[in-house]
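A.B. asks: My structure is below; once you've seen it, I'll send some questions.
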Amino acid sequence: MRTVASIIVEMLRDAGVDRVFGVSGESYLAFLDELEKCQSIDVVTCRHEGGAGMMAVADAKLTGRPGVCMVSRGPGAANAAIGVHAALNDTVPFILLVGQVGKAHLRRDAFQEVDYSKFFSGTAKWTAEISEPTRVADIISRAIHIATSGTPGPVVISLPEDVLGELVDVSVPPPHRRVLASPDGAALGEVKALLENANRPILIAGGELANEEGRAALLSAARKWSIPVLCSFRRHDLFPNNDRLFAGELGFFNTPDQMSLLATADLILAVGTRLGDLTTHGYTFPVSPKPRQQFVHVHRDEAVLGTNFVADIALPCSSQSFLTEIARIAPAHPPNREGWVSDLRRELAAVTKWKSRTASDGVVFGNVVAELGRHLSRDAIVSMDAGISAGMMYRYYPWSPPQILLTPIAGTMGWGMPGAVAAALRYPDRQVVCMIGDGGMLMGGMELAAAAERRLPLMIILANNKSYGAIRFNLDRAYPGRRTATELFNPDFKLLAQSFGCRVFSIDVEGDIAPVLEAAFRARTLTMVEVKTSLSTILPSRQA
C-alpha cells in the first residue's frame, strides 16, 4: 500500500519530469512531503503562481517534456491560469496540479473551492479530479498522454487534499510510448513532383520543428531543394537568419512590398505550423480556405489539417520525418531558383537592416539591439518579454541556431524573468539573457529571487521608459494625445536589483551602449543593465 501522492510523484518521474515549479499551499501538503523524499525531482520555489506557470511552460519549450506547475486551490489556480493559456498557445506539454478542498466539501461552495473543469474550459486540453483514490494511476497516465500527444498542450488535475494521503494498492503503468507517423510514400512522390515543377516555392516552418533535430532537418531539406524558408510567428530561431534561403518571419512587421512578393509564390509548404491568424496575416497568406498556390500542409496532429485551409496534399505525420524524407529524395543538384531567392532576400534586407538613429527623449533601443550581436554567444538563450524590448529584437536581430528565442507566442507580459530563470536552471553552462521592459519587470520580475537563490548568472537588459510603451504608441495613434493608463510610476530598478545581489549598470545616453554592454557581459554573474529608453522610437516601422 502506498499514498496517492507517492504514485503521482513516481509517474511524473517516469515520464521524464525532473523539475517542478510552484508556490506551496496547505491543500497539497502530502504531495510536498513526497517530493521531499524524491531525490530526482528539483522543486523550484516561486513567488507567484503566474511566474511558476510561466517557468514550467518555458522549461517544456526547452525540453519537449511536460512542464509541471503545482499550486494551491482557488487564488493559486486563478493566478496560474496564465501558464495554462501560454501552454495552449505555445503548444507545449504542461501539467497544472491544483490542491483542492477535501472530498466531503466538494461542490458545496467550500472555502476557495473552484470547479476547474468549468474554470479552465476552453484553455486546457483536459481537466480531471482525483476524487477516487484508486483511479490515480489511470488519471495521471491519461493526463501525461493528453498533454504530450497530438498538438501538445495543458492539462489540469485537481487533487483533493485528503485523497493525496490515502493509501491504495494499484499498479503503476509504464509511460506511454509515443510513435509519430511517417509520411506516406505516394504523397511524398506527389510533393516531389510539385517541388520539381515549382519556380517560386516557399516553406513556412512552425513550432513542431523547435528542437535540434527539427532545425537540422529543416536546414537540410531547404538547401537540397533550394527552397526559401519563412518562419511562423515568433519562431525566428528555427532557421539561420543569415542563410541565403531565409526569407523572414511572418508576423506583425512584414511590409506591403514583402507580402506582395510572397503572394507571387507558386507553391507553399506549411510544415509543423497550425497557420494561425498572425502567421497568415488574418488568413490572407495563404488565403483561406483555398490558397491560390499549390498548397501542402504537414502536421503531426490530423485535427489541425483542414481546419482553416484546404490543402492539395495534407500529411498527418511527423514534420521532422517529412523533411528528412524530402531531403533524401532530392535531386543531385538543387533547382536553380536564384532569381526568386534574391528577390526575397532583397525585400527582407529592406525590412531587417537597422539604421542607427538618435532621439531627444532617451536611448534608441534599436541601437542597443544592434550592439548585442557582439556579445550574444552562438548558443545564447534569450528570454523575451512583451513590449519594446521584444519588437526590436524580433525584427532586427539575426537569430541563428543553436541560439534559442525563448518567447511566449501568446505575448504574455511578465514572461521574461520566469523564462530566463527556467532556462538558466536547465542550461547552467549557456549564456542566458532576459530582455524585459519596465512594465513586464514588475509583473514577473520578483522571480529574480529564484535567480539570486540559485546563483544563476543571468544577464537582464531592462528597457525603462516609464510607460506601457507599446500600448501608449497605439493609443496615441488611434486617439492622438491620449495617455490614459499607460504612464508608470517606477521604483529605482538599480536599487531593487542590488537588493537581490545583482551587479548593476546603466545606459543613459547613446555613448554608453558599447562600453556598458562590454563591461556587463564580462561580469558573468547575476547582472542588470537598465536602459533609459526613448518613447518616440519604441517600435519598428511597418515600412521598409
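The values are calculated or read from the model by the stated rules, or taken from the named source; none is laboratory data. Quick caveat, the model's predicted, so the values are computed rather than measured. Backbone-built Cβ (ideal geometry, glycine too); neighbour counts: all protein chains shown.
A.B. asks: Could you tell me whether Ala478 is in contact with a Cys (Cβ under 8 Å, 6 or more places away or on another chain) and farther than 22 Å from Met393 by Cβ? Walk me through how you get there before you give the answer.
C.D. replies: Numbers: in contact with a Cys (Cβ under 8 Å, 6 or more places away or on another chain): no; farther than 22 Å from Met393 by Cβ: yes.
Answer is no for this residue.
A.B. asks: Please state which one of Leu535, Leu496 is in a loop (DSSP other than H, G, I, E, B) and either at positive phi or of a type outside the set (Val, Ile, Thr) (or both). If you could, list the steps in order and put the result at the bottom.
C.D. replies: Working: Leu496 fails: in a loop (DSSP other than H, G, I, E, B).
Being in a loop (DSSP other than H, G, I, E, B) and either at positive phi or of a type outside the set (Val, Ile, Thr) (or both) holds for just one of Leu535, Leu496, which is Leu535.
A.B. asks: Please find, among Tyr427, Tyr479, the residue that is of a type outside the set (A, V, I, L, M), touching a residue at least 12 places away in the same chain (Cβ under 8 Å) and over 23 Å from Ile82 (Cβ atoms).
C.D. replies: Values: Tyr479 fails: touching a residue at least 12 places away in the same chain (Cβ under 8 Å).
Result: Tyr427 is the single residue among Tyr427, Tyr479 that is of a type outside the set (A, V, I, L, M), touching a residue at least 12 places away in the same chain (Cβ under 8 Å) and over 23 Å from Ile82 (Cβ atoms).
A.B. asks: Sticking with this structure for a sec: For the range 1-20, which residues satisfy the criterion of being part of a strand (DSSP E or B) and more than 21 Å from Gly165 (Cα to Cα)? Full working, then the answer.
C.D. replies: We begin by selecting, within the range 1-20, every residue part of a strand (DSSP E or B); these are 2-3, 19-20.
If the condition is that a residue be part of a strand (DSSP E or B) and more than 21 Å from Gly165 (Cα to Cα), then Arg19 is the only one that fits.
A.B. asks: Quick test for you: out of Thr284, Thr307, Thr264, Thr273, pick the one residue that is of a type in the set (Val, Ile, Thr) and under 15 Å from Arg200 (Cα atoms).
C.D. replies: On the way: Thr284 fails: under 15 Å from Arg200 (Cα atoms); Thr307 fails: under 15 Å from Arg200 (Cα atoms); Thr273 fails: under 15 Å from Arg200 (Cα atoms).
The conditions single out Thr264.
A.B. asks: Ok, one more. Please go through the range 143-173 and give me each residue that is within 14 Å of Ala124 (Cα to Cα) and assigned to a helix (DSSP H, G or I), ordered by number.
C.D. replies: Ala143, Ile144, His145, Ile146, Ala147, Thr148
A.B. asks: Can you say whether Asp476 is surrounded by fewer than 17 Cβ atoms within 10 Å (Cβ to Cβ), in a helix (DSSP H, G or I) and not assigned by TED's automatic domain parsing to the domain that holds Val23, as far as the supplied structure shows? Step through it out loud before you land on a result.
C.D. replies: Details: surrounded by fewer than 17 Cβ atoms within 10 Å (Cβ to Cβ): yes; in a helix (DSSP H, G or I): yes; not assigned by TED's automatic domain parsing to the domain that holds Val23: yes.
In short, yes.
A.B. asks: Okay, next question. Somewhere in the range 206-217, is a residue in contact with a Pro (Cβ under 9 Å, 6 or more places away or on another chain), of a type in the set (Asp, Glu), more than 22 Å from Ala87 (Cα to Cα) and assigned to a helix (DSSP H, G or I)?
C.D. replies: Restricting attention to the range 206-217, the residues satisfying the condition of being in contact with a Pro (Cβ under 9 Å, 6 or more places away or on another chain) are 212, 215-216.
Still in the list and also of a type in the set (Asp, Glu): 212.
Still in the running and more than 22 Å from Ala87 (Cα to Cα): none.
No; the residues of the range 206-217 include none that is in contact with a Pro (Cβ under 9 Å, 6 or more places away or on another chain), of a type in the set (Asp, Glu), more than 22 Å from Ala87 (Cα to Cα) and assigned to a helix (DSSP H, G or I).
A.B. asks: Between a residue in the range 491-519 that is under 14 Å from Phe365 (Cα atoms) and any residue that is surrounded by 13 or more Cβ atoms within 10 Å (Cβ to Cβ) and among the charged types (D, E, K, R), which pairs come within a Cβ distance under 6 Å, given they are 6 or more apart or on different chains?
C.D. replies: Every condition considered, the pairs that remain are Ser506/Glu530; Asp508/Lys532; Ile513/Glu371; Ala514/Glu371; Leu517/Glu371.
A.B. asks: If I filter the range 404-445 down to residues being over 20 Å from Gly214 (Cβ atoms) and charged (D, E, K, R), which single residue comes out as surrounded by the fewest Cβ atoms within 10 Å (Cβ to Cβ)?
C.D. replies: It comes out as Asp429.
A.B. asks: Is one or more of the residues making up the range 50-70 assigned to a helix (DSSP H, G or I), closer than 29 Å to His299 by Cβ and of a type in the set (Lys, Arg)? Outline the logic, then answer.
C.D. replies: Residues of the range 50-70 that are assigned to a helix (DSSP H, G or I), as a first pass: 50-63.
When the remaining residues are screened for being closer than 29 Å to His299 by Cβ, the result is 53-63.
Imposing the further condition that a residue be of a type in the set (Lys, Arg) reduces the set to 61.
Yes.
A.B. asks: Give me the residue from the range 145-190 that is at pLDDT below 90 and within 28 Å of the chain's Cα centre (by Cα) and, out of that set, nearest to Val17 (Cα to Cα).
C.D. replies: Among residues in the range 145-190 that are at pLDDT below 90 and within 28 Å of the chain's Cα centre (by Cα), the one nearest to Val17 (Cα to Cα) is Pro175.
A.B. asks: Continuing with this model, one more query. Taking the criterion of being aromatic (Phe, Trp, Tyr) and touching a His at 6+ places or on another chain (Cβ under 7 Å), would at least one residue in the range 319-327 satisfy it? Break it down stepwise before answering.
C.D. replies: Keep residues of the range 319-327 that are aromatic (Phe, Trp, Tyr), which gives 322.
Adding the requirement that they be touching a His at 6+ places or on another chain (Cβ under 7 Å) leaves none.
Scanning the range 319-327, I find no residue that is aromatic (Phe, Trp, Tyr) and touching a His at 6+ places or on another chain (Cβ under 7 Å), so the answer is no.
A.B. asks: Considering only the range 58-69, I want to know if a residue exists there that is over 26 Å from Val432 (Cβ atoms), in the same structural domain as Val136 (by TED's automatic domain parsing) and not basic (Lys, Arg).
C.D. replies: Taking the range 58-69 and keeping what is over 26 Å from Val432 (Cβ atoms), we get none.
No: the range 58-69 contains no residue that is over 26 Å from Val432 (Cβ atoms), in the same structural domain as Val136 (by TED's automatic domain parsing) and not basic (Lys, Arg).
A.B. asks: Going through the range 328-355 one residue at a time, which ones are under 18 Å from Arg200 (Cα atoms) and assigned to a helix (DSSP H, G or I)?
C.D. replies: Of everything in the range 328-355, those that are under 18 Å from Arg200 (Cα atoms) and assigned to a helix (DSSP H, G or I) turn out to be Glu338, Gly339, Trp340, Val341, Ser342, Asp343, Leu344, Arg345, Arg346, Glu347, Leu348.
A.B. asks: Right, here's the next one. Hey, can you tell me all the residues within the range 174-196 that are in a helix (DSSP H, G or I) and in contact with a strand residue (DSSP E or B) (Cβ under 8 Å, 6 or more places away or on another chain)? Give the derivation first.
C.D. replies: Of the residues in the range 174-196, the ones in a helix (DSSP H, G or I) are 185-196.
Ala187, Glu190, Val191, Leu194, Leu195, listed by residue number.
A.B. asks: What's the total number of residues in the range 73-115 that are at negative phi, at pLDDT below 95 and assigned to a loop (DSSP other than H, G, I, E, B)?
C.D. replies: The number of residues fulfilling the criteria is 10.
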